[in-house]
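Undergrad: Before anything else, here's the structure in question.
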Ligand SMILES: Nc1ncnc2c1ncn2[C@@H]1O[C@H](COP(=O)(O)OP(=O)(O)OP(=O)(O)O)[C@@H](O)[C@H]1O
Ligand SMILES: [Mg+2]
C-alpha cells in the first residue's frame, strides 16, 4: 500500500509540476475556459431576453456553470494529452517498467488532473465573481456544486488518461478531446433544456452531461433539483471509465513488455 | 549550367505542385479541420435556434445565420496548415536547399500557398454543399454562391498569409500552433454568434465592432441570408483583400530576411 | 578553367548574436579540382564556415570568394556555380526521390526536356534507380545522403560543398560515398570542400586537410605531411604476464621513453618501422612473452592531439554549456 501511495504521489507531483512550470501547458488551460466564458456570457447575453428564459441569477451565472464544468472536463483532457506526450517521449514506458504499483500511475495522473482543475477552476470562479455574477446559493449548495465539479473532472480524467494509454501518441489529441467537446456542447449550453428544439433537444435530453449541468445551475441558483440523479449518473460514469482506464493501462503494459 | 531558363511562373508551379502533392498525401490530416467546423455548425445551428426569438433577429433560421462560421473556421485551419508546413521546411533545412537555387522569395511564398489554396477551395465547396443540403437557401442565388466561394477563398488566403508570417518570423511549428488559439479568439469575439446590434454587453459589442473578422463573416453571411448587400460585400471583400495584402506583404518581407542569402 | 583559386577566404569571422564567435578568423584557399577536408569536432565551426561560403549566412567580417565571385556581393553568381549538401539532409519525407530531383531541376532552371533525363542520369549514378519512386520516409540514412549528393549535382556545379556527408552512416555506405566523391573530383574535375569529424575520412579522401578547433584553423597541409610532422610511429606491447610490465618497460627504454597504462606499454620508434625488428629481438633477448604487439602509424588524431592538446573524440564534451543549448534548440518539448 505504501508503494502504491509512493507512485501516486510521484506521478501527481510530476504532472502538476510540469503544468505549472511550462507556460505552453498552463496558459491554454486557463485561457480557454475564460475565453469561452467571455464569448458566451458577454457575447450572447441577449439570449436571456428570449421568451421563457427563466434562469433567475441571470445569464452570467447561467454560463458560469457551463464553463465551471467545462474547465473541470478539460482539466482531465489536458492531463490525457500529458499522458500521450509521456508515451511519445518514452517517459511513460520508463514509468511502467519502474513503478512498483502500476495502478498508482492512473490514480496519480487523475489527481494531477484534479490539481490542474484546482488552478483553472479557481481562476474562472474569481473572474466570474469579479464580473458581477449573482450567487443566490447557500453554503451547502455551493459545497455540492464543488463536489459535482470534482466528480465531473474525475470522469473526464479517467476517460482521457485511459484513452491516452490505449493510443499512446500525442497525435491522438484530437481523438481524446473531440468526444468531450461534443458531449459538452450537446448539453443545453446556451439556453435551458426546455428552450432547445430540434435534434439537439432530443440528444440533450439523454446526454448525461445535461443532468450535471442542470443540477449545477440549480445549485448555483439555490434551487437544487434532481441532484441525486446527477450524482448517481456521475458515480456510475466513474465506475465505468475507471474500468476503461484500467484496461488502457493493461494495454500499455502489454506494449511496454 | 545553371542559367535561369525556368520562368518565375514555372518556379511557382513547381513549389505549388509539391505543396499540393504533400497536402494530398497526408489527407488524413485534413479530416479533422474539415469535420470540426461541420460538427460545430450542426450543434450550434440547432442549439442556438432560440436566438431567432430575440426581438430584432433577422427573419431566417439560425442554421442559415450560422453557415458563415464554418467558412471562417476552415480558413483558420488553412492558416495553421500553411504555417506549419513552411515552419517544418525551415526546421528541417529544406528551406536552405531552396535558398541555394535561383528561386525568388515571392515565388516560394506563392507556391507554398498552393496547397493551402486547394484545401481552401475544397473546404468551401464542402461547407456550401453541406449547408444547402441541410436546408439553408442561398439568398443571392447561384451567382452568389460563386461569389461566396471566391470571398471565402480570399479570406483563407489572407489568413494563410498570417500563418506563413508567423512561420517565417519564428521558424518553428510550435509557434504557429501556439498562435492558433489567438486566431480562434478573434473569431469568437466577433459577430459570429449574434448580429452585432444584438450584442448587449458593451465591451463585447465594441470588440466585435472593431474586429475585422466581424466584417469578413458578415460579408459571407450577407450572401446567404440577405442577398446582394453592396455594403456588406464591399466591407467583406475590402477587409479580406486588405488582410491578404498586408499578411502576404509582411510575409514576403519576412521571407526576404529569412532567405538572407548574400 | 578560370585562373585563381576555387575558394579563397581571408580573415573570415562569424559572431552569432547572443552566441559564440563560431568562426574566428579563417584563412584558406582551395585550388580547382582539389578535395579539401575540413576536420574538426562538434561545434568547431565547420557548418558555420560552409554556410558563409555558400552564401547562406553573411560573415561578420573578413572576405571570401568562390570561383572568383565575392560571397557577399555576388551571391547569385556564387550559387550558380556551387552545389551543396548541407549537414541536415533536408529531404521531404512524403516526396519520392525522383520528385525531389525534378523539383530541384526546375528550380535550378533546367529546360523542361532535360529535367527528366538529368534526374534519371543522377539516380543511376548514385544507385537509387530502384528506390526512385519510393518516398523518402522509407529511405535509409545512406540512401538519403546519396540523394542529397545527387540533388547538389543537378545543375552541374563546379564546386561542391559537403557538410559531414557520412556522419551516422555505416562503413559500407561511407566507403561507397567516398568512392563517388573521389570519382567526381578525379573524372569531372569538381572541386570539393568537405567537412568531417572522421579522421579516416579526411585521410582517405582529402588532398589537403584543414583542422579547425574553436573557430580557428590549427593546422593545414596534406594528410601525409601533417602526419610526418608529428613524426615516427609508436609500438604498443602487451605482455602475457601482467607482472612483467615493469621488465618490459625497462627493455623498451633503449628506444625512447615508454609509457605504460593498463598493462600496455607504448613507445615511440624514432627510427620508424625499420626499428621494429630490432625491438622484437630485444624482447626475445629479455625472454619476454608478448600477447600482442601493434605498430601505430601516426594518424590525424595524433595531429589533432598535438595541435590542441585534446583527443578528437569527445573534444566537444569539454564545452558542457553547449550541449544543453543545442539540445534545447532541436529537442521537442510539448506542443
Ligand atoms: N544560429 C546560431 N546561433 C547561435 N549560435 C550558433 C548558431 N549556429 C551555430 N552556433 C554555434 O556556433 C558554434 C559552431 O557551430 P557549427 O554548427 O559551425 O559547428 P560544427 O563544427 O558544424 O559542429 P557539428 O560537428 O556539431 O556540426 C557552436 O558553438 C554552435 O553552438
Ligand atoms: Mg556542423
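The values are calculated or read from the model by the stated rules, or taken from the named source; none is laboratory data. Keep in mind that what you see is a predicted model, and the values were worked out from it rather than measured. We place every Cβ from the backbone using ideal geometry, glycine too, and count neighbours over all the protein chains shown.
Undergrad: Output the number of residues of the stretch C:137-174 satisfying the condition of being away from chain B (no Cβ under 14 Å), in a helix (DSSP H, G or I) and over 20 Å from residue C:197 (Cβ atoms).
TA: Going through the stretch C:137-174 one residue at a time, the tally reaches 1.
Undergrad: Looking only at residues that are modelled with pLDDT of 90 or more and in contact with a helix residue (DSSP H, G or I) (Cβ under 6 Å, 6 or more places away or on another chain) in the stretch C:183-210, which one is farthest from ligand 2 (Cβ to nearest atom)?
TA: C:190
Undergrad: While we're here: Restricting to the stretch A:32-54, and then to whatever is more than 7 Å from chain B (Cβ to nearest Cβ) and closer than 25 Å to residue A:153 by Cα, can you tell me which residue is surrounded by the most Cβ atoms within 10 Å (Cβ to Cβ)?
TA: Checking each candidate, the answer is A:33.
Undergrad: Now, a different point. Looking at the stretch B:193-229, which of its residues are at the interface with chain A (Cβ under 9 Å from one of its Cβ atoms) and part of a loop (DSSP other than H, G, I, E, B)?
TA: Answer for the stretch B:193-229, where residues must be at the interface with chain A (Cβ under 9 Å from one of its Cβ atoms) and part of a loop (DSSP other than H, G, I, E, B): B:193, B:194, B:199, B:200, B:201.
Undergrad: Evaluate the stretch C:42-60: report whether one residue or more is within 16 Å of ligand 2 (Cβ to nearest atom), at positive phi and more than 14 Å from chain B (Cβ to nearest Cβ).
TA: yes
Undergrad: Same structure again: Given the structure, is residue C:132 assigned to a loop (DSSP other than H, G, I, E, B), more than 9 Å from chain B (Cβ to nearest Cβ), under 22 Å from residue C:181 (Cα atoms) and in contact (Cβ under 8 Å) with a residue 12 or more places away in the chain?
TA: Considered against the rule, which asks whether it is assigned to a loop (DSSP other than H, G, I, E, B), more than 9 Å from chain B (Cβ to nearest Cβ), under 22 Å from residue C:181 (Cα atoms) and in contact (Cβ under 8 Å) with a residue 12 or more places away in the chain, residue C:132 comes out as yes.
Undergrad: Ok, one more. Which one of the conditions (1) more than 14 Å from chain B (Cβ to nearest Cβ); (2) modelled with pLDDT of 85 or more; (3) assigned to a helix (DSSP H, G or I); (4) over 23 Å from residue A:170 (Cβ atoms) does residue A:3 fail to meet, given that it meets all the rest?
TA: (2)
Undergrad: Given the residues B:190, B:140, which is the only one that is within 13 Å of another protein chain (Cβ to nearest Cβ), modelled with pLDDT of 90 or more and farther than 19 Å from residue B:115 by Cβ?
TA: Answer to the check: B:190.
Undergrad: Would you pick out the residues in the stretch B:168-180 that are part of a helix (DSSP H, G or I) and more than 16 Å from the chain's Cα centre (by Cα)?
TA: B:168, B:169, B:170, B:173, B:174, B:175, B:178
Undergrad: From the residues in the stretch C:175-204 that are in a strand (DSSP E or B) and within 16 Å of ligand 1 (Cβ to nearest atom), which one is farthest from residue C:6 (Cα to Cα)?
TA: C:196
Undergrad: Right, something else. Please pick out the residue among C:103, C:110 that is at pLDDT 90 or above, within 9 Å of chain B (Cβ to nearest Cβ) and surrounded by 20 or more Cβ atoms within 10 Å (Cβ to Cβ).
TA: So the residue among C:103, C:110 that is at pLDDT 90 or above, within 9 Å of chain B (Cβ to nearest Cβ) and surrounded by 20 or more Cβ atoms within 10 Å (Cβ to Cβ) is C:103.
Undergrad: Pairs please, first residue from the stretch C:67-80 and more than 7 Å from chain B (Cβ to nearest Cβ), second anywhere and assigned to a helix (DSSP H, G or I) and surrounded by fewer than 21 Cβ atoms within 10 Å (Cβ to Cβ), Cβ atoms under 6 Å, 6+ apart in sequence or on different chains.
TA: The qualifying pairs are C:67/C:81; C:69/C:77.
Undergrad: Shifting gears a bit: If a residue must be modelled with pLDDT under 95 and more than 16 Å from ligand 1 (Cβ to nearest atom), how many such residues does the stretch C:159-173 contain?
TA: Going through the stretch C:159-173 one residue at a time, the tally reaches 4.
Undergrad: Turning to a different aspect of this structure: Out of the helices (runs of 4 or more DSSP H) lying entirely within the stretch C:2-119, which hold 1 or more residues that are more than 16 Å from ligand 1 (Cβ to nearest atom)?
TA: Where helices (runs of 4 or more DSSP H) fall fully within the stretch C:2-119 and carry at least 1 residues being more than 16 Å from ligand 1 (Cβ to nearest atom), they are C:75-81, C:97-107.
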